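K.L.:
Submitted below is the structure of interest, expressed as structure tokens.
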Amino acid sequence: MSQTMGLTERIEHIRKLPPRDAAEELVGLPADDIQFILARLPTDQAMQVASHLGEIAAPGDTATRVVLSGIEETIGELMTPATATLPSSYTVAEALAFMVKSANVAEISYIFVVEENRLVGLVGMRDLILSKPSEALSSIMVLEPFAFHQSTPIKSAVSEVLYRHYRIYPVVDDQQCVVGEVRGWKLYERIVSELSTQAGSQYGVAKEEQINTPVLAAFRMRHPWLQVNLITAFAAAFVVGMFEGTISQIVALAAFLPVLAGQSGNTGCQALAITLRGITLGKIQDYPLRQLLRKEILLGALNGAAVGVIAGTAMFAYALFTDSANPAMLGFVIFIAMIGACMASGIFGVAVPLLLKRFGADPATASSIFLTTFTDIIGMGLMLFLATSLVL
């Protein structure tokens, strides 16, 4: 009881502090205490304090890192004690009396209504205040409210909150007994965290790395993926080497290899970004894979044709300027190769993260490395193959 009173006093103290000063007060506390306090701050303030915690916490401060790193796997690990759980037989007057005596009355958004400890309903503050004092909670409650099971994976919960925008979510066990609650800001913060780390993960930057990560630790996190990138780059170089004779006879092709690689790579990264966003937000399950692939193939064809016209014209002009043989056919080769490369990159942008996920890997981890390799092999190989077949 004394520990709870201590936390209550600390909450009131932290409410009055600027976000950074509040974060300094929390650093060093046990992980459960930090979560308890943050859960009882106003949503905006909790988000601001949490953002400063990451800057202040030392690398060895495991308690704070647990709160911020998002290592919790289930709702049960993320939840905090329920602020208001009352029997359905309670009247409105009794519920109001309970709230008056509650030390955390400002944090009560809903009253969880139970019968034999099982969650049967939920009462919002507006309904409570506008109801007659003699009415029972059972007569004004919302029946069968949405609740998370304590074993619900965080990733599944994140998908649910995109469609259910509540400030607080009750958490129940197998018997539907209320065991805690989860603040909406925690799950929204997880969404933001996942989306913000995707950009780095695509290039082999670990989610744990921050700007203050020591050099050697950052080296250990990044370097293995650079070795993977080197190996995959050899594959693209091998494909180009297969057409060494074609390049030696049509030197103009060498100037347009990076142009093709850049355009197809960007097209693939766009498809990759959309796919990763859909996976993170849980929308990929509601959108048929065939439809997504069809969309990205069509986009690739349209984008490829649009840039292919310009690139083909540029190749035609360059071939004329350098006295290359058959400049019109070279321009046509670039046009067709650009369309094919952009279509293939759209397919790979969808397929790479989904395949990584299917094999149990993080779909964002170094996905752009594999994507770049595939798009380079297909794009360059297609252009050189067409040049060999149609020009020589």
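K.L.:
Quickly run through the stretch 117-146 and pick out the residues that are among the charged types (D, E, K, R) and either within 25 Å of residue 157 (Cβ to Cβ) or touching a Pro at 6+ places or on another chain (Cβ under 9 Å) (or both).
P.N.:
Of the residues in the stretch 117-146, the ones among the charged types (D, E, K, R) are 118, 126-127, 132, 135, 144.
Within the stretch 117-146, 118, 144 meet the criteria.
K.L.:
Still on this structure: For residue 44, state whether it is among the charged types (D, E, K, R), modelled with pLDDT under 85 and in a helix (DSSP H, G or I).
P.N.:
Taking the combined requirement at face value, the residue satisfies it.
Conditions (1) in contact (Cβ under 8 Å) with a residue 40 or more places away in the chain; (2) over 29 Å from residue 390 (Cα atoms), marked per residue:
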position	(1), (2)
267	yes, no
272	yes, yes
278	no, yes
292	yes, yes
319	yes, no
324	yes, no
333	yes, no
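K.L.:
Something else now. Just to check your reading of the model, which residue among 128, 78, 96, 143 is within 32 Å of the chain's Cα centre (by Cα) and either at pLDDT below 90 or not acidic (Asp, Glu) (or both)?
P.N.:
78
K.L.:
In addition: Count, please, the residues in the stretch 141-156 that happen to be among the hydrophobic types (A, V, I, L, M, F, W, C) and farther than 22 Å from residue 85 by Cα.
P.N.:
Residues that pass the stated criteria total 1.
K.L.:
Follow-up question, since we're still on this one. Being among the aromatic types (Phe, Trp, Tyr), assigned by TED's automatic domain parsing to the domain that holds residue 237 and under 25 Å from residue 226 (Cβ atoms) narrows it down to one residue among 335, 316, 348; which is it?
P.N.:
Of the residues listed, the single one that is among the aromatic types (Phe, Trp, Tyr), assigned by TED's automatic domain parsing to the domain that holds residue 237 and under 25 Å from residue 226 (Cβ atoms) is 348.
K.L.:
I've got another one for you. Quick one: would you say residue 119 is over 16 Å from residue 167 (Cα atoms), in the same structural domain as residue 179 (by TED's automatic domain parsing) and surrounded by fewer than 17 Cβ atoms within 10 Å (Cβ to Cβ)?
P.N.:
no
Conditions tested, residue by residue: (1) surrounded by fewer than 18 Cβ atoms within 10 Å (Cβ to Cβ); (2) at pLDDT 80 or above; (3) more than 17 Å from the chain's Cα centre (by Cα); (4) not in a helix (DSSP H, G or I).
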{"position": "258", "(1), (2), (3), (4)": "yes, yes, yes, no"}
{"position": "261", "(1), (2), (3), (4)": "no, yes, yes, no"}
{"position": "267", "(1), (2), (3), (4)": "no, yes, yes, no"}
{"position": "271", "(1), (2), (3), (4)": "no, yes, no, no"}
{"position": "275", "(1), (2), (3), (4)": "no, yes, no, no"}
{"position": "279", "(1), (2), (3), (4)": "no, no, no, no"}
{"position": "285", "(1), (2), (3), (4)": "yes, no, no, no"}
{"position": "292", "(1), (2), (3), (4)": "no, yes, yes, no"}
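K.L.:
Would you confirm, using the coordinates I've provided, whether residue 230 is hydrophobic (A, V, I, L, M, F, W, C), assigned to a helix (DSSP H, G or I) and either touching a Lys or Arg at 6+ places or on another chain (Cβ under 6 Å) or at pLDDT 70 or above (or both)?
P.N.:
Working: hydrophobic (A, V, I, L, M, F, W, C): yes; assigned to a helix (DSSP H, G or I): yes; either touching a Lys or Arg at 6+ places or on another chain (Cβ under 6 Å) or at pLDDT 70 or above (or both): yes.
Spelling it out, residue 230 is indeed hydrophobic (A, V, I, L, M, F, W, C), assigned to a helix (DSSP H, G or I) and either touching a Lys or Arg at 6+ places or on another chain (Cβ under 6 Å) or at pLDDT 70 or above (or both).
K.L.:
Now a separate question. Please work out if residue 244 is surrounded by fewer than 13 Cβ atoms within 10 Å (Cβ to Cβ) and of a type in the set (Asp, Glu).
P.N.:
Yes.
K.L.:
Out of the stretch 56-75, which residues are under 21 Å from the mean Cα position of the chain (by Cα) and either in a helix (DSSP H, G or I) or modelled with pLDDT of 75 or more (or both)?
P.N.:
Our first condition is that a residue be under 21 Å from the mean Cα position of the chain (by Cα); within the stretch 56-75, this holds for 65-75.
Within the stretch 56-75, 65, 66, 67, 68, 69, 74, 75 qualify.
K.L.:
Which one is surrounded by the most Cβ atoms within 10 Å (Cβ to Cβ) among residues in the stretch 122-149 that are free of Cβ contacts under 8 Å to residues at least 40 places away in the same chain and of a type in the set (D, E, K, R)? Explain how you work it out, then say what you get.
P.N.:
Looking only at the stretch 122-149, we keep the residues that are free of Cβ contacts under 8 Å to residues at least 40 places away in the same chain, and these are 123-131, 139, 142-147.
Subset that is of a type in the set (D, E, K, R): 126-127, 144.
Details: 126: 8, 127: 17, 144: 10.
Result: 127.
The values are calculated or read from the model by the stated rules, or taken from the named source; none is laboratory data. This is a predicted model, so every value here is computed, not measured. So basically every Cβ, Gly included, is an ideal-geometry build from the backbone, and we count neighbours across all protein chains shown.
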